[in-house]
Amino acid sequence: MSEVESHWGQASRALREELRATLDQDQIKRLHRKRPWLHFVVAARQFAFLGLSSWLLIEFVNPLVVIPAALLSGFTVFNFTVLLHEQLHNLVFTGHHPRLSAALGRLYAFWGGISASQFTRWHLDHHLQLGSDTGDPKRHHLSPRGNSRWLKLAYFTPALFFLYFRAASRETATYDSVLRTRIARERVLSIGGHVVLQAILFMVAGASAWLRAYALPVFFVFPLAFAINRVGQHYNIKESDPAGWTTWVRGHWFWDFLFLNSDYHLEHHYYPGVPFYNLPGLQSILAPVYRAHKLKPHSYPELLYGYLVDNNVPHRDWDFAAARLSGLPSGG
């Protein structure tokens with residue numbers, strides 16, 4: 001599907017013209033520059049984090065060690081999907097390396113137990129159909145069907161795996177048979193690899209070490225990372241303006257580190273060809289555009305409060321809803 005035919009392509013024509021007319025295009029070009037060495041330095045750091053946290057979780061039982069190590073491990077496993085996201089957008093290499101890139105994608109996808117091909121198709125369709133209730137697979141299949149706090153909280157728990165794989169399976173059923181076969185093969189290899197890793201860990205280090213080093217970070221911390229990150233993507237939006245169809249999350253060193261800059265999701269949808277390490281710079285030059293469109297920056301604590309405590313509906317303008325419920329003017 002071409003960009004012109006896509007929901008987002010049609011809706012964002014005026015916005016893209018505005019960006020071309022108002023921003024320094026030389027600066028935008030510099031932000032698109034890829035630095036493979038930097039990508040691999042960050043990737044190596046993530047593997048070091050995973051190795052260190054796994055060792056700590058196997059060797060120690062003290063909660064003062066186990067809790068931070070499990071958090072580090074679980075968020076690191078999540079961040080391999082961020083690195084996979086870089087690979088599927090061809091943001092790793094400066095040249096054309098299809099086989100190496102595909103192998104890298106499978107490596108990153110393995111740690112999340114997912115299919116690289118499924119994640120790639122799912123995510124690219126999400127970009128093309130952003131704003132569509134049914135065309136965007138993330139919005140159509142993965143967002144909570146009802147505005148129940150209990151259902152929302154389920155996404156922060158091991159129930160996420162059932163919810164995600166059910167959503168992915170429903171979308172995969174619409175793909176052609178060749179792609180479905182490839183996805184099934186990749187899932188078997190990925191999930192089978194996790195089963196083997198767990199069996200080795202269980203036999204070598206015992207059930208207690210398996211609980212600490214695998215079950216705790218993968219089944220409990222990973223869903224937490226996934227759900228927090230997703231609340232900052234498209235849940236609080238400006239429905240009337242395509243410029244605000246993604247949530248503007250204010251950059252902060254803590255979340256930048258924790259999520260490998262995937263907290264800059266609005267910037268990524270404007271310019272999907274900008275590597276993750278250049279997204280903070282992109283936010284700084286886009287901020288005046290956001291303000292011109294009367295968008296508001298948010299933090300993760302604020303968004304989580306609005307989502308779970310105020311119980312706002314996903315993919316809606318929460319600021320407008322809050323103003324309406326309070327009886328105050330919405331301010332547009």
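Of note:
- For the range 17-326, the alpha-carbon radius of gyration amounts to 1.01 times the rule-of-thumb value 2.2 N^0.38 Å expected for a compact globular protein.
- The long axis of helix 36-59 is offset from the longest Cα principal axis of the chain by roughly 50 degrees.
- Only Lys, Arg (+1) and Asp, Glu (-1) charged, at Cβ; the range 17-326 dipole about Cα centre in debye: 480
- For the range 124-176, a crude dipole built from +1 on the beta carbon of Lys and Arg and -1 on the beta carbon of Asp and Glu, taken about the Cα centre, is about 360 debye to the nearest 20.
- Pairs of Lys residues in the range 17-326 are counted when their Cα atoms are under 25 angstrom apart and they lie 8 or more places apart or on different chains; the count is 7.
- Residues whose placed amide H lies under 5 Å from that of V274, excluding near-sequence neighbours: none
- Taking the fewest neighbouring Cβ atoms within 10 Å as the starting point, the ordered list for D133, D125, D263 is D133, D125, D263.
- Dimensions of the range 52-107 based on its C-alpha atoms, expressed as ranges along the principal axes with the largest first, amount to 48, 15, 15 Å.
- Charge dipole of the range 159-293 (Cα centre as origin; +1 on each Lys and Arg Cβ, -1 on each Asp and Glu Cβ, all else neutral): 340 debye, rounded to the nearest 20.
- When the range 102-246 is described by a simple charge dipole with +1 on each Lys and Arg Cβ and -1 on each Asp and Glu Cβ, the residue from F162, P144, F226 located farthest towards its positive end is F162.
- For the range 166-275, the Rg and Dmax computed from alpha carbons only, in angstrom: 18.7, 57
- Less than 5 angstrom separates the built amide H of R316 from those of I237, all sequence-distant by 5 or more or on a different chain.
- Neighbours of H252, meaning other residues whose beta-carbon lies under 13 angstrom from its beta-carbon, give a summed charge of -2 when Lys and Arg score +1 and Asp and Glu score -1.
- Listed peptides 235-243, 157-165, 198-206 by packing density, highest first (mean Cβ within 10 Å): 235-243, 157-165, 198-206
- Put in line by how crowded their Cβ is, counting other Cβ atoms within 10 Å and starting with the fewest, R250, R187 read R250, R187.
- Per residue, the chain reaches -19500 deg cm²/dmol at 222 nm when only DSSP H runs of four or more residues are counted, each adding -39500 (n - 2.57).
- Rounded to 10°, Cα long-axis angle of helix 98-112 versus longest principal axis of the chain: 70
- Residues R99, R316, R20 arranged by fewest to most Cβ contacts within 10 Å: R99, R20, R316
- With Cα atoms, 0 to 90° folded angle of helix 116-128 axis to the chain main axis: 10
- Choice from E18, E186, E267 showing the highest fluctuation, given a GNM over the chain with Cα pairs closer than 10 Å: E18
Coordinate-derived values only; no laboratory data. All values derive from a computational prediction rather than experimental measurement. Cβ coordinates were reconstructed from backbone atoms using ideal geometry, including for glycine residues, and neighbour counts include every protein chain displayed.
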